[in-house]
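Where a number appears in this text, it was derived from the coordinates with a stated rule and is not lab data. From a predicted model like this one, the values you see are computed outputs, not experimental measurements. Cβ placement follows ideal geometry from the backbone for every residue including glycine, while neighbour counts extend to all protein chains displayed.
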Amino acid sequence: MTEFQQRKIVIVGHVDHGKSTLLGRLLMDFGKVPQQTIEKVRKTCESRGVQLEPAFFLDAFQEEQEQGISIDTTRVNFEFEDHRFLLIDAPGHLEFLKNMTTGASGAETGILVIDGYEGIGSQTMRHLKILGILGVRRVIVVVNKMDKSGYSQARFEEVASEIRGHVEHEGQTCLSVVPISALKGENLSAPSENLSWYAGLPLLPQMVAHTTATAVSIAEESEHEPLRMVLQDVYRFTDERFYAGRIISGTISPGARVFFSPSGKVSTVEAIETFPAAGLNKAVKGDSVALRLKDQIFVERGEIISLPDQTPEVNNEIQAKLIWLNSEPLNWAADYLIKVGTAEVSCRLEPSNSVFSQVGNGDFVDVDIKMQKPISFDRDGRGVDKLVICTTYETVACGAIATPNPSQKVQKTKSKNIVVEAGFVKREEHEERQGHRGTVLWMTGLSGAGKSTLAKALERRLFNDGYRVAVLDGDNLRSGVCADLGFEPEDRAENIRRVAHMAKLLLNTGMVVITACISPYEKDRRLAEEVIGEADFHELFVFCPIEVCQQRDPKGLYKKASGGQINDFSGLNAPYQPPTKPRLRLDSSTMSIADEVEEIISMMKAHNLKPAPVPIGARGDLVGKP
Amino acid sequence: MNDYLTSLEHESVFIVREAYKKVKNLALLWSMGKDSTVLLHLVRKAFLGHVPIPLVHIDTSYKIPEMITWRDQYVKDHNLRLIVGQNKQALADGMGPDKGRLVCCGALKTQALLDTIKENQIGGLLLGIRRDEEGSRAKERVVSPRPEDGTWTYKDQVAEIWNHYNLHLPQDVHMRVHPLLHWTELDVWEYIERERLEIMPLYFSNADGKRYRSLGCWPCTGTIDSCATTLDAVVDEIRNTKTSERAGRAQDNADTYAMQKLRSQGYM
């Protein structure tokens, strides 16, 4: 990585709290503003009979200078001590919120400007929340206009503690709170005598330190991210097809087997083409690339390219938190366009809480998005998890994808004449007699990752410790209860639905249930979680690199699959969607079985699931009463 | 992780590909200057050496003569499709900078551009403008829709979030697409040096110790004092300069908000 990598910072905050003034000041004092520009601004200010206004360096429009406001966002390059920043100015007025969001969507770190005299304003909070939705989770707070509040330490502490609380409440990180005066240039690069009580570093050194740390952690995180390439277009300038797109996360190399979602097509990368031809052996996050594939497959814009053992989810329903950015309020009856990656699909919005309230400019809303056809996506801040909602010509909202809705309803019954009987022996009674709580340990992972092996060891251990325990093993069930099912996505969904209901029945007798199924689809696992209940569902990701699984190949299936004898093999030619937030991630390529068992046992302890071992049948004290 | 210029390049290539996919009859506005020549190179990068769109040049007839010679040779050498636009009526009526600089720009550049767009049914233009050139360009979007009369509704621009550009075209609207918006003058020169691009000789210092930093019409474009005769020297000069790039462009300084006014009417 070059040391000259640019750090992207957006400056946000309430109207008139001094965002553009701060940015203008930084440019004037430390930037490379051409002499003519300074002269031009000086003249404009003189002719208006005002003091030199640093904000005018950015607010170039006549209307902005006349009214002393920022209408639109802009960005400037800025260097300080060999660190290269991109500073993004964002307007504070509610009516210009779409411009603020436009600017902020390009940032990695936020600087939240608060007028120390006025305190937190309505847009302060709104901007903070928008940063959260945009995925800008690291925030430096500056308490500005300290000159106006008499450099009062008490006032600073008051504002600082209040805003820290808000930032944490939003699930973001408050990197630091710095008192400054942007207008007078105080505590920007050097400490100010008027703020002698302030022990921390001035703003610019803080920016350097925090954004360096942010860049390092982003780089570290990106190393473990799965490949996501959004397909923009397929070119046929010659006889050959080139698949053009951008890498959103991960890396790609010639020879890689790639999976297209949602079409499910598979091929192998033959070359990464460039102009002039360079024989590229690797492309990384952020690269615009053109792939030549072994097979000239037919796919269209909107697909996501991944590795088969780390595919994104596919669904025609998603859930998201949106910020509405248009003066026209949300129309619950209208068709909108949703854009995720390069996919663009017609959709309708429904309120997640079923309350069809008025949603106008600047409002936040949780929605279920129902699309005309399925798209592929990620969620929870990874991969391709960002979406915008558009009318034909305008972007009207943006958001991040959250927990998806199961596509089928959990308790859908074919017959209308089913009346559920009650009054059987209760789970609590079972649990009290046996002396421990019931739970479900749901394993997911590739074939050959070691789920069954781990299930056997765990079952034996729990059995020896006096637990009532049962294992539902995928292959075993498929030779009996699920013998009618194949490996199509629909059959896999039905398989998981049955396993989930069986686990639930056993759970209701107080047992510890271990399931060992590949369960490759996120939406199927979420359905299982819904059937079993969130409190009793513990997802265990039994991870193992696919190369290692292929070597192990305990059932000879990988050999068959790569020989073309199996078509729907998860991780090779059918998707495997790794869980985003498993309770535990166990790497079976580096951990021993005994260690894996120990880790599960301590997880159970941490979740209050494992009481002191008691003899079978004894009525011991319950550690965790359900 | 890539170096900075590479990350700019990949971002711009993404934008060029988006525009090519979505906009009917896309063209590249080419002034033969350094920026639009970099843009042309990025088009080749995006399409693996091909240039699948025509170039458009607006010839005011006041261009520095060497520019036209260089243009024709370059087009021939690289086998490019070039559309030349000119406001012949205004020229016949005697339009020139003596009628007022802003009036002249309006007729010979803005009007000529709008006419050319209409005549050739161009749905969108790739333009090499950059934020750091001047204040009103600083406030641009990557994608900016312009109705038939070219006006820019800068007070109410559409939201442009992440890399989701609004590229659907209403009737009688053309798209201005700005893939170099985030580049600076120095980035452009460093990139020209890195990629060893063929560039107009007027940018290099002549025997009198003068060179052009920005190219335009001869009556309104001045040279700067410089001894930079090589790319290396130009990059060095730009890195250390304290004067602005368009200081030699008369129309910018015709009045305080000159560029805002010109651009709100459809100027590039």
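Points worth noting:
- Compared with the dominant Cα axis of chain A, that is its longest principal axis, helix A:203-223 is turned about 30°.
- Contact order relative to length of the range A:427-606, as percent, for alpha carbon pairs under 8 angstrom and 6 or more apart: 32 percent
- Residue with peak Gaussian network fluctuation, chain B [Cα springs, cutoff 10 Å], from B:THR256, B:THR153, B:THR184: B:THR256
- Rounded if a/c under 1.5, otherwise prolate or oblate - the range A:225-306, Cα gyration tensor axes: rounded
- Between the Cα long axis of helix A:122-134 and the first principal axis of chain A there is an angle of about 50°, rounded to the nearest 10.
- Tensor-based shape of chain B (alpha-carbon gyration tensor, a/c under 1.5 rounded, otherwise prolate or oblate): rounded
- Shape of the protein assembly as shown, Cα gyration tensor, a/c cut at 1.5: prolate
- Take the Cα of A:SER354, step 7 Å toward its Cβ, do the same at A:ARG498, and the gap between the two points is 3.2 nm.
- Length-normalised contact order for the range A:314-402 - Cα pairs under 8 Å, 6+ apart - percent: 41 percent
- Note: relative contact order over chain A, using C-alpha pairs below 8 Å and six or more positions apart, is 10 percent.
- Estimated FRET transfer efficiency when R0 is 25 angstrom, pair B:GLU148-B:GLN89 (beta carbons, to 0.05): 0.90
- The range A:542-586 and the range B:111-163 have Cα centres lying 50 Å from one another.
- Over all pairs of different C-alpha atoms in the range A:82-210, the reciprocal of the mean inverse distance, the Kirkwood hydrodynamic radius, equals 15.0 Å.
- Cross-link pairs A:LYS285/B:LYS24; A:LYS8/B:LYS242; A:LYS8/A:LYS321; A:LYS339/B:LYS45; A:LYS339/A:LYS416; A:LYS19/A:LYS386 - those with Cα-Cα distance over 32 Å: A:LYS339/A:LYS416
- Lysine pair number, Cα distance threshold 19 Å (strictly under), the range A:427-606, separation 8 or more or different chains: 5
- A straight chain from A:LYS32 to A:LEU505 at 0.36 nm per residue would run longer than the Cα-Cα distance by 163.2 nm.
- Spacing of the two label points (7 Å from each Cα toward its C-beta) at A:SER189 and A:PHE80, in nm: 0.9 nm
- For A:VAL50, neighbours were defined as the other residues whose beta-carbon sits under 14 Å from its Cβ, and their charges (Lys and Arg +1, Asp and Glu -1) total -2.
- Put a dot 7 Å past the Cα of A:GLU221, heading toward its Cβ, do the same for A:ASN331, and the two dots end up 3.7 nm apart.
- Only beta bridges with both residues in chain A are counted; by DSSP, about 60 percent of them are antiparallel.
- Burial ordering of A:HIS93, A:HIS14, fewest other beta-carbon atoms within 10 Å first: A:HIS93, A:HIS14
- Between helix A:153-169 and chain A: long-axis angle, C-alpha atoms, 0 to 90°, nearest 10: 30 degrees
- Of B:HIS164, B:HIS41, B:HIS178, the residue with the greatest mean-square motion in the GNM of chain B, using alpha carbon springs below 10 Å, is B:HIS164.
- In loop segments of the range A:418-485 as defined by DSSP, the trypsin sites (Lys or Arg not before Pro) with at most 16 further C-beta atoms inside 10 Å of their C-beta are A:LYS426.
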